Amino acid sequence: YNEDLLNPVENITKYNSNYKMALNLGVYSADLSYTSLFDQNQTSIRYMGNARKLADGLGILGAIDEKSIEKLQDNMNNREMVLEIISETFLNSNAYLSENNRPTIAVMVLVGGWVEGLYLATKLTNESMDNKKLIERIIYQKLSLETVISLIDEYNDSEEMGLLRVKMDEL
């Protein structure tokens, strides 16, 4: 576990547009999963708080039901349950955005989480190339990258999505 790899919770004040909020909702969600994997309960709570603030700023807090938040807080010591709740909440948020004609925001959240997850995975292999399973998963992300780019192309209806497409081409 290396907290220095995470997007600092203090950065939340920098996210003042839908584009930045959506991307960083994905980033903070990935960081929340990472902290949960390593049983960092207090840090997980801080990242969960930031994810809620960003979801509220995007007008999608309704997608995150209060019972899920309470369930998450009650199960902070159960890694599997925490990861299940986070995944379920992420899927519910994505469905909510799609159902409410906001698929572009859903794609941005997905991209932010995917890139952060890939970043964390690559940083975890920098120290040691012995983790062949993790390296294989990173290599497999090439296929996911193509899917992510296809989603961006499908919903490329704004300057921000065009910028995101350029960034993904660089990746």
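The values are calculated or read from the model by the stated rules, or taken from the named source; none is laboratory data. For clarity, every value in this text was computed on a predicted model and none was experimentally measured. Cβ atoms come from the backbone with ideal geometry, glycine included; neighbour counts cover every protein chain shown. We work out accessible area using only protein heavy atoms, side chains counted, and drop any ligands, DNA or RNA first. Shrake-Rupley method; radii C 1.70, N 1.55, O 1.52, S 1.80 Å.
When only residues in the stretch 47-61 that are over 13 Å from residue 30 (Cα atoms) and part of a helix (DSSP H, G or I) count, which is modelled with the lowest pLDDT?
Here the answer is 61.
Looking at this structure, is residue 165 assigned to a helix (DSSP H, G or I), farther than 20 Å from residue 28 by Cα, open to solvent by 70 Å² or more (accessible area, probe 1.4 Å) and touching a helix residue (DSSP H, G or I) at 6+ places or on another chain (Cβ under 7 Å)? No: the conditions fail for residue 165.
Go through 43, 35, 13 for me and flag whichever is at pLDDT 95 or above and part of a helix (DSSP H, G or I).
13
Residue 117 passes all but one of (1) assigned to a helix (DSSP H, G or I); (2) surrounded by fewer than 16 Cβ atoms within 10 Å (Cβ to Cβ); (3) touching a residue at least 12 places away in the same chain (Cβ under 8 Å); which number fails? Only one criterion in (1) assigned to a helix (DSSP H, G or I); (2) surrounded by fewer than 16 Cβ atoms within 10 Å (Cβ to Cβ); (3) touching a residue at least 12 places away in the same chain (Cβ under 8 Å) is unmet by residue 117, namely (2).
Residue-level check: of (1) at pLDDT below 70; (2) over 18 Å from residue 21 (Cα atoms), residue 64 misses just (2). Within the stretch 35-47, which residues are buried (at least 23 other Cβ atoms within 10 Å of the Cβ) and not polar (S, T, N, Q)? Answer for the stretch 35-47, where residues must be buried (at least 23 other Cβ atoms within 10 Å of the Cβ) and not polar (S, T, N, Q): just 47. Taking the stretch 102-150 as the range and being within 24 Å of residue 3 (Cβ to Cβ) and basic (Lys, Arg) as the test, the residues that pass are 123, 133, 137. No other residue among 82, 109 is part of a helix (DSSP H, G or I) and at pLDDT below 70 apart from 82.
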